[in-house]
Amino acid sequence: MNVTICQSCGMPLTTPTQFGTEADGSATREYCIYCYKEGMFQQPNITLEGMTEMCTVILKEEGMDEESARAMLRNQLPFLKRWSPSNPEGNDNTHSVQPVRYVTLPGKRLAGKSARTTNAIEMSGNGCIQGLWDRYFTSGQLPAPEAARYGCYADYTNGIHGEYTILVGHEVAADETLPAGMNSVELPPATYAVFTSRKGPMAEVVGEAWGAVWGWNHQNERTFTGDFELYDERSMDPANVQVDIYIAVKQARPTTE
C-alpha cells in the first residue's frame with residue numbers, strides 16, 4: 001500500500017485532498033494541508049513540543065488515551081523532516097531517520113504467542129503486545145537463553161491502517177512440530193530496510209526505533225509482507241538494550257552506513 005506520512009505532524013497521507021500545496025498550487029506529499037499550504041507552514045513558529053501538544057489534543061479527541069498519544073508522538077515526531085537538524089525550519093534532533101543497511105534474507109518460520117491487533121488499538125492503551133511478551137516468557141516453551149527472540153508483524157490487511165498479526169517468539173525449523181498452544185508465522189524471502197536503536201532501556205529505545213521507521217520518508221517502499229524486531233545477544237540486559245527493526249521493502253538500496 002502506497003502510504004506516506006506528513007513530515008511535520010505525522011498524519012498518514014492516503015488521499016490527494018490531504019496533501020499540502022506549494023506556492024504554485026501543486027501538491028506535495030511531504031506535508032499535509034493542515035501543516036503546509038501555498039508553500040508555507042501554517043504554524044511557522046510552532047516548536048516540536050508545541051506540535052506534540054497540539055497533536056495530542058487532536059488524537060485525544062479522536063478517542064486515543066492522552067498518555068499513549070503523547071508517548072507515541074514524542075517517539076515519532078523528532079524523526080520527521082521538519083524537525084531534522086538539517087532543516088532550517090526544524091529543531092535540534094540527533095536521531096537518525098534512515099536505515100543503517102538493506103539486507104535480503106531467506107524465508108523464516110517463527111513460533112510463539114500471537115494475536116490480531118491494529119495500530120489504533122495498540123495506541124489506545126488497550127493493546128495486546130506487552131501481554132504477548134509476558135505469555136511467551138511464562139509459557140515454558142522457550143529455546144536456549146541465548147537464542148534470538150522476535151517481535152513479528154505479519155498478515156497485514158490494509159498496511160498501517162488495518163489489522164495485522166503480532167507474534168512474539170523465536171525461529172524454528174520449517175518442519176518442526178510445535179507444542180500445543182504455540183502459533184507460527186511464515187515470513188517469505190524478502191529485502192529489508194534495517195533500523196538499529198541506540199543502547200538504553202528497552203521501553204525507550206524500541207519506541208524510538210519505531211519512531212525512525214514512521215518518520216522515514218520512503219514509506220511507499222514498504223511491502224507489508226512481514227516486519228520484525230530482532231532481540232539478540234545485545235538485548236540480554238533490559239536496561240541496556242539494542243534492537244534491530246527489519247522493514248520489508250520492494251528492493252535493495254545502497255547501504256546508508
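The values are calculated or read from the model by the stated rules, or taken from the named source; none is laboratory data. It should be emphasised that the depicted structure is a prediction, and the values quoted were computed from it without experimental measurement. All Cβ positions, glycine included, derive from the backbone under ideal geometry; neighbour counts span all protein chains shown. Only protein heavy atoms, including side chains, enter the accessible area calculation; ligands, DNA and RNA are left aside. Shrake-Rupley method; radii C 1.70, N 1.55, O 1.52, S 1.80 Å.
Using Rg and Dmax of the Cα atoms in Å as the read-out, say which of (i) 19.9, 59; (ii) 19.0, 63; (iii) 17.1, 53 was calculated from these coordinates.
(ii)
Quantify, in whole percent, the carbon and sulfur part of the accessible surface of segment 118-257 (1.4 Å probe; protein heavy atoms only).
Values: 3380 of 6560 Å².
Ligands and nucleic acids excluded, carbon and sulfur give 52 percent.
Keeping every protein chain in place, order VAL194, VAL57 by accessible area at 1.4 Å, biggest value first, i.e. largest first.
Order by accessible area, largest first: VAL57, VAL194.
Can you work out the accessible area per residue across the chain, with the rest of the protein chains kept in place, probe 1.4 Å, in square angstrom?
Numbers: 12570 Å² over 257 residues.
Per-residue value: 49 Å².
Write down Rg/Rh for segment 138-256, rounded to two decimals, with Rg from the C-alpha atoms and Rh from the Kirkwood relation over Cα pairs.
Details: Rg = 15.0 Å, Rh = 15.6 Å.
Expressed as Rg/Rh, it is 0.96.
With each label point set 7 Å from Cα along the Cα-Cβ vector, what nm distance links VAL103 and GLU204?
2.6 nm
Which length gain, in nm to one decimal place, applies between MET40 and LEU142 when the Cα-Cα distance is subtracted from 0.36 nm times their residue separation? Show your work: numbers first, answer last.
On the way: separation 102, 0.36 × 102 = 36.72 nm, distance 5.43 nm.
Stretched out fully, the MET40 to LEU142 stretch lengthens by 31.3 nm.
Using a 1.4 Å probe and ignoring any ligands, DNA or RNA, find the accessible area of LYS199 and quote it in Å² to the nearest 10.
120 Å²
Compute the orientation-averaged projected area for segment 121-186 from the convex hull of its Cα atoms and round it to one decimal in nm². Don't skip to the end; give the middle numbers.
Working: hull surface 21.6 nm².
With the hull built on Cα positions only, its mean projection is 5.4 nm².
Can you give the calculated 222 nm mean residue ellipticity of the chain, where each DSSP H run of n ≥ 4 adds -39,500 (n - 2.57) and the sum is split over every residue, rounded to the nearest 500 deg cm²/dmol? Kindly include the intermediate steps, with their values, before the conclusion.
On the way: 5 runs with 53 residues, N = 257.
Rounded to the nearest 500, it is -6000 deg cm²/dmol.
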